[in-house]
1. Taking segment 178-209, which residues are of a type in the set (Phe, Trp, Tyr) and part of a loop (DSSP other than H, G, I, E, B)?
2. Between Leu233, Leu262, Leu208, Leu229, which is more than 30 Å from Leu143 (Cα to Cα) and either touching a Phe, Trp or Tyr at 6+ places or on another chain (Cβ under 8 Å) or not acidic (Asp, Glu) (or both)?
3. Checking Asp133 against (1) within 17 Å of the chain's Cα centre (by Cα); (2) surrounded by 15 or more Cβ atoms within 10 Å (Cβ to Cβ), which test does it fail?
4. Which of the numbered conditions does Ala98 fail, given that it passes all the others? Conditions: (1) more than 14 Å from the chain's Cα centre (by Cα); (2) closer than 25 Å to Ser231 by Cα.
5. Given the structure, is Glu238 out of contact with any helix residue (DSSP H, G or I) (no Cβ under 7 Å at 6 or more places or on another chain) and either without any contact (Cβ under 8 Å) to a residue 24 or more places away in the chain or not assigned by TED's automatic domain parsing to the domain that holds Leu143 (or both)?
6. Looking only at segment 75-124, how many residues end up being basic (Lys, Arg), touching a residue at least 24 places away in the same chain (Cβ under 8 Å) and part of a helix (DSSP H, G or I)?
7. For segment 151-173, give me each residue that is over 14 Å from Ile266 (Cβ atoms) and either crowded, with 20+ Cβ neighbours inside 10 Å or modelled with pLDDT under 90 (or both).
8. Could you tell me which residue of segment 206-221 is nearest to Ile266 (Cα to Cα), considering only residues that are crowded, with 16+ Cβ neighbours inside 10 Å and of a type in the set (A, V, I, L, M)?
Amino acid sequence: MKFEEKHLVHLAAVVEYGGVSAAAEQLGLSQPAVSRTLSALEKRVGEPLFQPGRRPLRPTSIGAELARHGLVILNASREAAETITSFRTGSAGTVRIAGVPFFMDAFISGMIGGFQRLAPDILVEQSYGNLQDLENGIAAKRLDLAICPLGSIKSKPEFRFTPIIKARNVVACRVGHPLTRRKTLSRTDVADFPWIAPLPGSPLLADLHTILLNLGLPEVCIRYSGGSLLSVLNYLEETDALAILPHSVTFAHRKDRKVTVLPLDIPQPPRSLGILRAREARLPAAEQLASHILKRFDALRAAIERHQTSIVWGP
């Protein structure tokens, strides 16, 4: 015998709420409509579904069994409705986010953790990439959000870019580095020490070449390259090497790492770090995460700028 699912759902609702009127209200139907459904189901079964003369309505044994099956369908429908509501409000779903490694490790991964305390039903898939990788990922719909640098050239028409913070680089070294103990710092002093090369494809690599040209240095000694942010910080702490790092990254680790800023004034790149998204995309969960990141940086930006202005920059 084949049953219509809505008949079983209506029966389950009547059993759950104890009456036709209450069930109809919860289902968003009229009382006569639910009554007709029950009559049709009872006729099809050939047995009474409810005990006569009982208020609230009490199911018969066959009525209770059929209601149990209907409750499974009813609960699945409720869960589906909750899923849609959560998706539309951005409280559930999956967000695919990627970005430039140092910035992701210094700030974004921690912010994702804070975000998930507020929205525990959102799954976040994080990865890394340079600007070209990130643009390709957004265009191919493999990514929802990209944290990346963008210069004076505007983003492509199919993208929208929301700046987070203006890029500023510094020369970083370990606390107690010989150059930090010099009363006067010459621009060419940095040539006396080894350097860490930025990751291939990183804009910091081009920035390093620009800095060397500005300092009048044809080249420097590279002793270490290709490391993650953690490995770069570990290496800096154990050597007299120098590295070009975003100022925001050194700010983020100013208290937990023995790494400091060498107060050397260097050329700054004309770009900002921000959030890149597809112009037409409006995935609610992704918009919620983007909003959380922007709010966190609204609170951080002033502190980062105060730290920057507190440094007495040299020649």
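The values are calculated or read from the model by the stated rules, or taken from the named source; none is laboratory data. What you see is a predicted model; the values in this text were computed from it and never measured. Because the Cβ atoms are built from the backbone with ideal geometry, glycine has one as well, and the counts that use them run over all protein chains shown.
1. Once the filter is applied, which keeps residues that are of a type in the set (Phe, Trp, Tyr) and part of a loop (DSSP other than H, G, I, E, B), segment 178-209 yields only Phe193.
2. Within the list Leu233, Leu262, Leu208, Leu229, the selection yields Leu262.
3. Condition not satisfied by Asp133: (1).
4. Going through (1) more than 14 Å from the chain's Cα centre (by Cα); (2) closer than 25 Å to Ser231 by Cα one by one, Ala98 breaks only (1).
5. Yes: the conditions hold for Glu238.
6. 1
7. Those that are over 14 Å from Ile266 (Cβ atoms) and either crowded, with 20+ Cβ neighbours inside 10 Å or modelled with pLDDT under 90 (or both): Gly151, Ser152, Ile153, Lys154, Ser155, Lys156, Pro157, Glu158, Ile164.
8. It comes out as Ile211.
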